[in-house]
Amino acid sequence: MNIGERLAAIAARIAAACAECDRDPGDVQLLAVSKTRSVEDIRSAYASGQRCFGENRVQELCAKAPQLEALDVTWHMIGSVQTNKLRDLLRVPHVALLHSLDRMRLADRLQVECAALGRSLSVLLQVNASREPAKHGVLPEAAAELMAAVVADRPAVDVQGLMAMGPREGDPARVFAQVAALGESLRQRFGRPLPVLSLGMTGDLEAAIAAGATLVRVGTGVFGPRA
């Protein structure tokens, strides 16, 4: 299949998963994960209607974005970001969402850099719900403390919800349900809408949608296997 056909297949999977749990497919956004993919691949996805792309490394995003600046694409940074790369990230046009806020040092630096540029940035708290040592993310029991500190005096850091990955092995449904419940708990505690729940990838998007995901991050399902 080509990229357009893969996008159509993913859209069909999203629609079928939404039908299974009585959700509107329009409530689930597809983020095409373009990390390691060429600008030509992104252009192909764009030609098939995709507008929102996710990158994992600031350096790679900074290389690609200028080549696509004429297009109405929106960028998400889904990978862990070093504090010394934040200024570069914030200078990329059309960066809409950082998925990987997981520590106070990053929140502090993000506040400083945003304030210096006179802007804010929407972010998601990345939660390590599966508690795997190799994964980034705040542990679920520490998420409220991080959220409280950001909300208290870091106004340029706009928390929009949560992001998590499924477990490397086993059924992701339990992990996704825990993250969804955590999001609801934070919503009630802080009185904020927190509308974004970023869960699910190519292999587990159905379980993510059943748990309430509003955004699914799909790479190989859109662009095919990596070389």
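The values are calculated or read from the model by the stated rules, or taken from the named source; none is laboratory data. Being a predicted model, the structure only gives us computed values, none of them experimental. Backbone-built Cβ (ideal geometry, glycine too); neighbour counts: all protein chains shown. Note: accessible area is taken over every heavy atom of the protein model, side chains too, but ligands, DNA and RNA are not part of it. Shrake-Rupley method; radii C 1.70, N 1.55, O 1.52, S 1.80 Å.
I'd like the accessible area for residue 57, computed on protein heavy atoms only with a 1.4 Å probe and all protein chains in place. Round to 10 Å², please.
It works out to around 120 Å².
Among the aspartates and glutamates, select those whose C-alpha is under 15 Å from the C-alpha of residue 64, and discard any that sit fewer than 8 residues away in the same chain.
Those aspartates and glutamates meeting the cut-off are 40, 41, 55, 72, 88.
Just grab the label-to-label distance for residue 36 and residue 220, each label 7 Å out from Cα along the Cβ direction, in nm (one decimal).
Result for the modelled spin labels: 1.0 nm.
What is the log10 of I(q)/I(0) for the stretch 32-127, computed with the Debye formula using one identical point scatterer on each Cα and no solvent, at q = 0.13 Å⁻¹?
So the normalised log intensities work out to -0.42.
Counting other Cβ atoms within 10 Å, which GluC sites (Glu not before Pro) in the stretch 1-77 have at most 16 and lie in a DSSP loop?
Qualifying residues, ordered by number: 69.
How large is log10 of I(q)/I(0) for the stretch 84-196 at q = 0.11, 0.17, 0.24 Å⁻¹ when the intensity is taken from the Debye formula with one equal scatterer per alpha-carbon?
Log10 I(q)/I(0), no solvent term: -0.35, -0.80, -1.36.
Which order do 168, 103, 154, 37 take by accessible area at a 1.4 Å probe, largest first?
Per-residue accessible area, sorted high to low, gives 168, 103, 154, 37.
To the nearest 20 debye, what is the magnitude of the charge dipole of the stretch 41-170 about its Cα centre, counting +1 on the Cβ of each Lys and Arg and -1 on the Cβ of each Asp and Glu?
Dipole magnitude for the stretch 41-170 comes out near 220 debye.
How would 74, 36 rank on accessible area, largest to smallest, probe 1.4 Å?
Descending accessible area places them as 36, 74.
Ordering 77, 201 by how much accessible area each has at a 1.4 Å probe, largest first, what is the list?
Output order, biggest surface exposure first: 201, 77.
So how compact is the chain: Cα radius of gyration and Dmax in angstrom?
Rg, Dmax (Cα atoms, Å): 16.9, 49.
Can you give the relative contact order of the chain as a percent, counting alpha carbon pairs under 8 Å and 6+ residues apart?
21 percent
Between the DSSP loop rule and a limit of at most 14 other Cβ atoms within 10 Å, which GluC sites (Glu not before Pro) in the stretch 112-174 are left?
Answer by residue number: 169.
Relative contact order for the stretch 45-154: what is it in percent, counting Cα pairs under 8 Å that are at least 6 residues apart?
Relative contact order of the stretch 45-154: 21 percent.
If I ignore ligands, DNA and RNA and count only protein heavy atoms, how much of residue 153 is accessible to a 1.4 Å probe, in Å² to the nearest 10?
90 Å²
Taking the Kirkwood radius as the inverse of the mean 1/r across Cα pairs, report the Rg/Rh of the stretch 140-227.
Reported Rg/Rh (Cα atoms, Kirkwood Rh): 1.03.
I'd like the Karplus ³J(HN,Hα) series for the stretch 154-160: coefficients 6.51, -1.76, 1.60, θ = phi - 60°, whole numbers in Hz, and an x wherever there's a Gly or Pro.
Here the 3J(HN,Hα) series is 10, x, 7, 9, 9, 6, 10 Hz.
One-quarter of the Cα convex hull surface for the stretch 1-76, in nm²?
In nm², the orientation-averaged hull projection of the stretch 1-76 is 5.3.
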